[in-house]
1. What number of lysine-lysine pairs in the chain show an alpha-carbon separation below 29 angstrom, given a sequence spacing of 8 or more or placement on distinct chains?
2. Among S131, S190, what is the fewest-to-most ranking by other Cβ atoms within 10 Å?
3. Given all pairs of different Cα atoms, what value in angstroms does the Kirkwood hydrodynamic radius of the chain take?
4. Local charge sum around D34 (other residues, Cβ-Cβ under 9 Å, Lys/Arg +1, Asp/Glu -1)?
5. Order these by the 10 Å Cβ neighbour count, fewest first: L169, L125.
6. Grab the other residues whose beta carbon is less than 9 angstrom from that of I186, score K and R as +1, D and E as -1, and report the net.
7. Excluding P23 itself, what net charge comes from residues whose Cβ is under 11 Å from its Cβ, given Lys and Arg +1 and Asp and Glu -1?
8. Run through the DSSP bridge list for the chain and note the antiparallel percent, rounded to the nearest 5.
Amino acid sequence: MNTQTHSEDVVDLEEYAAAGRKPPTAKSYRIRIDKQQYVVHVPEMKGAEILALAGKSPERFKLYQQIRGTGQPQPVNPEQAVDFTEQGIERFKTLPVDSTDGLAEPRRAFRLSESDEAFLDGLGLRWEAVSYSGVKWVIVYGYGLAVGYNVAEADLAVRIEPDYPTAQLDMAYFAPALARADGKGINNLSGVTIDGRPFQQWSRHRTAGSVWRPGEDDLESHFLYIQSFLQSELGR
């Protein structure tokens, strides 16, 4: 198994997942385990074999696969066969068997309305309510992005103002930083630290045609607003 090849016969699973395409039968497949890419020459491997590729064993590590659009990574048992021609496999992640590695009980430094929390739970993604430097933030992990950005998903943070829901929600913050896959620039971006991590601030503000409606707008409608300006950006 070779980790360095650029043959046209190598199918990159992450690229096919981002494009929403089903990988074809090929001579080789490029898969990502944690941060390392590997090229394998078989269309199917068991969980234990994928761990071994990364120099790890089922006795000490658990294996998860990230399927595009499904939210949390899904566990892969040591004897479970993974078919690389199945659509949507983005990458694999390993976790020590004695560590939750981010899958622990999510933080709830403050509570949101019942409807807001129901919306967040309905995303099927891990989310947390954190307080950092006196500011309240909701962070959604692994939020899926439209094809056309440099990454298929990112952590999305929303600042919760003290007077919300009367006060409007504004802008969006991403980690890692987003860029257009076609290389075109994006205006009005800046950096900010949230929860001790660098996030990219998108300065997108409501206009007269999209004013905040107290009593009607909420976290769900703000996420729709975020989706709208992310999609609009790709059409510029």
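Every number in this text was worked out from the coordinates using simple rules, so none of it is lab data. Keep in mind it's a predicted model, so treat the numbers as computed, not measured. Glycine also receives a Cβ, built like all others from the backbone with ideal geometry; neighbour counts cover every protein chain displayed.
1. 21
2. Listing S131, S190 from fewest to most nearby Cβ atoms yields S190, S131.
3. Its Kirkwood hydrodynamic radius stands at 19.7 Å.
4. Here the count lands on +4.
5. L125, L169
6. Charge balance near I186 sits at +2.
7. -2
8. The antiparallel proportion sits near 90 percent.
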